[in-house]
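To start, the structure itself, in structure tokens.
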Amino acid sequence: MIGRPGRRVLARPRRFARWQAVLAWVIVANGIAVPGIAAPVGAAPVGAAPVGAAAPAPVSIAAAVAPDDAGRFGDGATSDDVRDTVHWVSASHDNHALPFVVIDKVNAVVLAFDGRGNLRGRAPALLGMARGDATVPGIGQRKLATITPAERTTPAGRFEASLGRDFEQDILWIDYDAALSLHRVIKGRRVDDRAGRLASPTPSDNRISYGCVNVPPGFYDGVVKPLFTGTVGIVYILPETKPLRSVFAIPTKVTG
């Protein structure tokens, strides 16, 4: 989380917003359950885990890539939750042919896909200091100095994201009202050693931010920025204190 200016640089396209409004009316009028249309989990009263609590063990990492997944997730090991989420997005078209990003908080990994579900890149990430899947109400209007360590979470959920700016650089706004974004790793305090944390082989030291997602500059400039230039997209932040399927409407068996 970094400073937020008074307004966004890139507003959501009106045609896309009107389409979503009509779709939402049809869903409500007919009682239809559509995967992924629910509001971000940040609105739910889910408490953050204490900062001093032991970190959850990284979820199951697939050692071998299934034949139908060959090359789909790149060279790195990929968790079952990431695989299930990407398969679900592709099968259900929950992204509406827009570029999308999947953030695996437990393993501190970000994967970016184009609108067809093709992987465009993956990278390690720094995340909120506190473990939890909700955001504190009103946190986007508060000064950083007033945000306690236990409140520095990266909330889980489905978010419509767009490029914009803060006071210092261009960023990808994930949730503007909560001042949540994905951006190039910042230098920060020397003692934080953010670049070193990103380069380490383990996710255990990747919890340092106020909630924002910090990624390597090359990944932001070469993958994220081109994907989201001139369009909105979807960001899926996977939960770490709740089951995956309590956040996203993913069926037990997913193919895509």
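How much accessible area per residue does segment 75-192 have, counting only protein heavy atoms and a probe of 1.4 Å, in square angstrom?
38 Å²
Specify the inter-centroid distance of segment 71-106 and segment 137-175, based on alpha-carbon positions, in whole Å.
Answer, in whole Å: 23.
For segment 168-256, restrict the atom set to alpha-carbon positions and state the Rg and Dmax in Å.
Looking at segment 168-256, its Cα Rg and Dmax stand at 15.3, 46 Å.
Say R0 is 25 Å: what FRET efficiency, to the nearest 0.05, do R190 and F167 get from their beta-carbon distance?
Calculated value: 0.75.
Sorted from largest down, give the three principal axis spans of the alpha carbons of segment 210-256, whole angstrom values.
35, 30, 16 Å, listed from the longest principal axis down.
Suppose the chain between D221 and A91 were pulled fully straight at 0.36 nm per residue; how much longer would it get relative to their current alpha carbon spacing?
The D221-A91 span can extend by a further 43.9 nm.
State the Kirkwood hydrodynamic radius of segment 93-146 in Å, one decimal place, computed from all pairs of distinct Cα atoms.
Hydrodynamic radius (Kirkwood, Cα only) of segment 93-146 equals 13.5 Å.
Could you check how much of the accessible area of segment 181-256 is carbon and sulfur, as a whole percent, using a 1.4 Å probe?
Looking at segment 181-256 in its full context, I get 56 percent from C and S.
Could you calculate the FRET efficiency of D114 with T252 from 1/(1 + (r/R0)^6), where r is the beta carbon distance between them and R0 is 25 Å, rounded to 0.05?
Efficiency computed from Cβ-Cβ geometry: 0.35.
With r defined as the distance between the Cβ atoms of K242 and D80 and R0 fixed at 22 Å, what FRET efficiency is calculated, to the nearest 0.05? The partial results should precede the final answer.
Values: r = 15 Å, r/R0 = 0.70.
The computed FRET efficiency comes out at 0.90.
Can you pull out the trypsin sites (Lys or Arg not before Pro) in segment 152-256 whose DSSP state is coil and whose Cβ has at most 10 other Cβ atoms within 10 Å? Can you show the working numbers first?
Details: sites: R152, R158, R165, R184, K187, R189, R190, R194, R197, R207, R245, K253; in loops: R152, K187, R189, K253.
Here the trypsin sites (Lys or Arg not before Pro) that fit, given the DSSP loop and packing criteria, are K187, R189, K253.
The values are calculated or read from the model by the stated rules, or taken from the named source; none is laboratory data. Only a predicted model underlies this, so the values are computations on that prediction, with no experimental measurement involved. Heads up, the Cβs are rebuilt from the backbone with ideal geometry, glycines too, and the neighbour counts pull from every protein chain shown. What goes into the accessible areas is simple: the full protein's heavy atoms, side chains included, and nothing from ligands, DNA or RNA. Shrake-Rupley method; radii C 1.70, N 1.55, O 1.52, S 1.80 Å.
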